[in-house]
Amino acid sequence: MSAPAAPEAGAVPTTENCRFCWMCRHACPVGHVTHRETYTPHAWALEIESVRRGQIVWDASTVSVLYACADCGLCRAHCATDQPLPDAIVAERAAITAAGAAPAAVYDVERRLRRHVESGAAARSSNGPRRASSTVGLFVGDISDAARARAVESTIALLAAAGVPVTEVGADRPTGRTAASLGLRDVAVDLARAVIDDVQSAGIDELLVLAPGDRWAFESVYADRLGLEWPKGVRVTDAIVVLARALAAGALSFGAPKDLPPYAYHDPCHTPRLARDYAAPRALAAAALGPDAARPFFWREHRAHPCGAIGGLNVTHPDIAARLAAARVDDARAAGARWIVTEDPACSAHLAAHASGGVEVQNLFELLHERLVTSSRPTSGR
Amino acid sequence: MPADLSAGVRDALTAIVGADHVRSEPIDQLIYSVDSYWLPQMWLDRGRRTPTPGLIVYPGSADEVARVLAVADEARVPVVPWGGGSGTQGGALPIHGGLIVDTKRLDRILEINERSMYVRAQAGINGGQLEWALNDRGLTLPHYPASATCATLGGYLAPRGSGTISTKYGKAEDLVMNLEVALPGGRLVRTPLVPNHASGPDFMRLFLGTEGTFGVITEATMRITRLPETRLLRAMLFKDVATGLEAGRQMMVQRLDPLVIRMYDPRSTGLLVKRVLGYELQGAYMIIGFDGWADIAAAQEQRALAICASLGARDLGREPGERWWDHRYDFYYPPHTLHLPALYGTIETVSTFDRIEEIYHAKKAAIEGTYGHLGVEYIGHFSHWFPWGASLYDRFLLKDAPPAPEDAEALHNQIWDTAVTTSLAHGGMINEHHGVGLKLSRFMRAQYGDAWPLLESIKDAIDPHHIMNPGKVGFERMPS
Ligand SMILES: Cc1cc2nc3c(=O)[nH]c(=O)nc-3n(C[C@H](O)[C@H](O)[C@H](O)COP(=O)(O)OP(=O)(O)OC[C@H]3O[C@@H](n4cnc5c(N)ncnc54)[C@H](O)[C@@H]3O)c2cc1C
Ligand code: SF4
Ligand code: SF4
């Protein structure tokens, strides 16, 4: 018997493959909350192919449908032949956007991000990288968002307690991934280039990120969608994983939990599309909130549904973004949890805005920071 | 909007389900105009259109389904139930327009009873999601169709589907304990929730295999089991189909209770097993599997190995068996699966052991003999086994289909005619698990013979105005 050979490469475009394939619909969060066949992976592929064949045209209704995909990556993560359907959908959006036919909200985002590119450049030239001069960087990102700013402060404090001083990189810089999801390729490229410049000039060999979405942007979006090269020799690591290692090594400890409610840990948006240490955030949450208080979400780990703050859905389809958040809250409630904890500040903020029925949302970095016992010995964390 | 769907009908439906749950945008009409049947896909692939629904309705409860059917019955509007749209027979196609009733909002698990080992769920729940929920508790619904990730519970039952491990656990219809069904007049009926009974006829079975022509399944209770302690997979290589079939027959009649026996004919071994699993082999590749308690499964496997050895099989060991198990569904993902622009069809059939081999050779000869000069190929594997016979999952494939869609359709239908008439002539049944739908509707009279009028009269009694899925499963009469 010969050794297993690699499966044959698909020579046809992804949308040709996906248009009559139903196999990943069980994982698609938008299909799940809308129940509409038109909002499922195969339907988006069929829509694109039907336009190519002249059976429908891009008009307000069909474009709106195309923008309902969350660009969450679950379809691809559950596809046996790894079809990059989200990339194909986003590529089609880029063509639509360039043709001026995207929803008006997309161009509003473009204008806002353009301003960001310009003002971010000015800020960087005056400030440069901040804090400890370390070969480990922390990607700060767009801290005009208050939730992110708080999470960044907490993460820096936690890392310091763990003996990992960091150089702050990319302050006020969106990664560009939302722009890329929306089909705003040019602005995404500008934002990404600015981040890459910051990383290159920071003199680091490792960049820690707050959330899987940032890692996905640096590891995949830049190369696969924007044709940009990530700085060689700079690896990207989830900050939460570094903290979990410090916890395991005894370099971090948290106050004994008392009277804390049962909680569910939400794997942040984009989790399923990445190789990820699922145990790391859970270990930290358990240390801070008590090992017996965890109540698992149904949509977790490799099947984790996004919270709704993803892919620009907030601007193109706020109703779907809200339904995704409500579904996470319902999921937590059904599991018997009263808190949802998650490290991605965008997820915690979005979920908090939609929390209801006695379920509250906590950012995991902030929570860990609050419960940190500061007498921990630094230096042995890595 | 088609003439049969007046504004009054839309208003009445909107009053039942809400405006958000009635749709008729052109994009929705396009998406609901194609299921997993090759024919509409081929037409769309070639830039043409297929019949579309007038309205798509998304009821949120069984009661709403019943009220929707009452409105449709009153207005004499065709109603087509739609679960996942993964059916391969065109059963969910709105060939006469009318209403699609998409069941996907009926997606709740109502009860998981670990004492009596059943799960009660609404019919629109996705099979993959249901399985995840059960697996979280160490349980499983032992119906593992390749389409589990895309099909709904109602869609498992309506065409009487089978999964990979049906050889041990039975078909979907063997796993169902009770049903709730909405009927055309707007009534909801529920069959008793008992393990089985002898209190008169089992009317639940009327809704299994009728593919939405008698009503809409709104809820089902399914038998579940614990995830097994062990699962032993192994691959064998037989010199030909005949010896492999004999080995499978002996395992079944000796009641070794295999989880799965899957035997690929030499052509599929050379083509599909190589493409998907990467093994280059000549002969008939067979997977055998046993599950349950480790000691019992091991003993069953030992006996099966002895049977295979006595028939001269080469034991390929565990790795290729386990690799097959881990990748068993990969065969159905593009680009591995058969796909356009090729012309193809799964012409599976089922029969008793004394006839199944003959059917395989007869179909191969008929298809390759009649259409071989056009480049049509025939491949098959034996997929679902009983102590009395087996099912032959066979396919025809033509890589270069005629360019004009009319010609492609005509050739496709001609090959189907040849396949079905050959199966029937040699004692086979039209199929084991894909159902009838639109594709095989025209063969139902021939298959049922004198019994067909009886089925028609049952249909008339349940659906007197013929609103339910007209043109499918042999029931051709239009709403009147
Ligand atoms: C890749 C692939 C692999 C497959 N593998 C298998 C397999 O291994 N085993 C197998 O058995 N089948 C298989 N199939 C066929 C198909 O998936 C099954 O028949 C499936 O169970 C259909 O479910 P669905 O929810 O998608 O039904 P649909 O396609 O939506 O409908 C199928 C038929 O059932 C009717 N129906 C649907 N829901 C209801 C309801 N609630 N009440 C009444 N009628 C209803 C529809 O009107 C239609 O006639 C496969 C299909 C694909 C595409
Ligand atoms: S991504 Fe994979 S599973 Fe999903 S539709 Fe495409 S081919 Fe099918
Ligand atoms: S990226 Fe997410 S929302 Fe979009 S089709 Fe895939 S699974 Fe669905």
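The values are calculated or read from the model by the stated rules, or taken from the named source; none is laboratory data. Quick caveat, the model's predicted, so the values are computed rather than measured. Heads up, the Cβs are rebuilt from the backbone with ideal geometry, glycines too, and the neighbour counts pull from every protein chain shown.
Numbers at a glance
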quantity	calculated
Candidates B:Gly163, B:Gly124, B:Gly154, B:Gly128 - the one that is more than 9 Å from ligand 1 (Cβ to nearest atom) and either not in a loop (DSSP other than H, G, I, E, B) or not charged (D, E, K, R) (or both)	B:Gly128
Residue pairs meeting the criteria (Cβ under 8 Å; at least 6 apart or on separate chains; first in contact (Cβ under 8 Å) with a residue 40 or more places away in the chain and in a strand (DSSP E or B), in the range B:80-103; second basic (Lys, Arg) and more than 7 Å from ligand 1 (Cβ to nearest atom))	B:Asp102/A:Arg36
Odd one out for B:Ser423, checked against (1) over 25 Å from B:His143 (Cβ atoms); (2) touching a residue at least 24 places away in the same chain (Cβ under 8 Å); (3) part of a helix (DSSP H, G or I); (4) polar (S, T, N, Q)	(1)
Enumerated helices (runs of 4 or more DSSP H) restricted to the range A:68-177, each holding at least 3 residues that are at pLDDT 95 or above and under 23 Å from A:Glu219 (Cα atoms)	A:74-77, A:85-98, A:146-161
Strands (runs of 3 or more DSSP E) wholly inside the range B:196-314 containing at least 1 residues that are within 26 Å of the chain's Cα centre (by Cα), of a type in the set (S, T, N, Q) and away from ligand 2 (no atom under 16 Å from the Cβ)	B:216-223
Filtered residues of the range A:69-97 (kept if surrounded by fewer than 24 Cβ atoms within 10 Å (Cβ to Cβ), out of contact with any Lys or Arg (no Cβ under 9 Å at 6 or more places or on another chain) and more than 11 Å from chain B (Cβ to nearest Cβ))	A:Ala88, A:Glu92, A:Ala95, A:Ile96
Filter result (small (Gly, Ala, Ser) and either more than 13 Å from chain A (Cβ to nearest Cβ) or within 16 Å of ligand 3 (Cβ to nearest atom) (or both)) within the range B:75-89	B:Ala75, B:Gly84, B:Gly85
Single match in B:Thr352, B:Thr346, B:Thr370 (criterion: under 21 Å from B:Ile288 (Cα atoms) and either hydroxyl-bearing (Ser, Thr, Tyr) or in the same structural domain as B:Asn431 (by TED's automatic domain parsing) (or both))	B:Thr352
Single unsatisfied condition, B:Gln122 versus (1) more than 16 Å from ligand 3 (Cβ to nearest atom); (2) out of contact with any Asp or Glu (no Cβ under 6 Å at 6 or more places or on another chain)	(2)
Residue in the range B:381-420 that is farthest from B:His361 (Cα to Cα), counting only those that are at pLDDT 95 or above and among the acidic types (Asp, Glu)	B:Glu406
Test: residue in the range B:305-320 that is within 12 Å of chain A (Cβ to nearest Cβ), surrounded by 18 or more Cβ atoms within 10 Å (Cβ to Cβ) and more than 22 Å from B:Leu259 (Cα to Cα)	no
Members of the range B:104-126 that are at the interface with chain A (Cβ under 9 Å from one of its Cβ atoms) and free of Cβ contacts under 8 Å to residues at least 40 places away in the same chain	B:Asp107
Residues located in the range B:152-207, provided they are free of Cβ contacts under 8 Å to residues at least 24 places away in the same chain, of a type in the set (S, T, N, Q) and touching a strand residue (DSSP E or B) at 6+ places or on another chain (Cβ under 8 Å)	B:Thr191
Members of the range B:15-41 that are more than 11 Å from chain A (Cβ to nearest Cβ) and not in a loop (DSSP other than H, G, I, E, B)	B:Ala15, B:Ile16, B:Val17, B:Ala19, B:Val22, B:Leu39
B:Arg395, sole failed condition from (1) over 25 Å from B:Tyr264 (Cβ atoms); (2) touching a residue at least 12 places away in the same chain (Cβ under 8 Å)	(1)
Top-ranked residue of the range B:167-184 - restricted to ones that are within 15 Å of the chain's Cα centre (by Cα) and part of a loop (DSSP other than H, G, I, E, B), ranked as farthest from ligand 1 (Cβ to nearest atom)	B:Gly170
Candidates B:Tyr448, B:Tyr378, B:Tyr371, filtered to the one that is touching a Leu at 6+ places or on another chain (Cβ under 9 Å) and modelled with pLDDT under 95	B:Tyr448
Elements of type helices (runs of 4 or more DSSP H) contained in the range A:303-380, each with 1 or more residues being more than 28 Å from A:Arg25 (Cβ to Cβ), more than 16 Å from ligand 1 (Cβ to nearest atom) and acidic (Asp, Glu)	A:364-371
Check on A:Arg93, out of contact with any strand residue (DSSP E or B) (no Cβ under 7 Å at 6 or more places or on another chain), within 15 Å of ligand 3 (Cβ to nearest atom) and farther than 23 Å from B:Gly84 by Cα	yes
Of the criteria (1) more than 16 Å from B:Ala242 (Cα to Cα); (2) assigned to a strand (DSSP E or B); (3) hydroxyl-bearing (Ser, Thr, Tyr); (4) away from chain A (no Cβ under 14 Å), which one B:Tyr371 fails	(2)
Matching residues in the range A:233-262 - criterion: being part of a loop (DSSP other than H, G, I, E, B) and acidic (Asp, Glu)	A:Asp259
Residue ID - nearest to ligand 1 (Cβ to nearest atom), chosen from residues in the range A:18-30 that are assigned to a helix (DSSP H, G or I) and either at the interface with chain B (Cβ under 8 Å from one of its Cβ atoms) or over 21 Å from the mean Cα position of the chain (by Cα) (or both)	A:Arg25
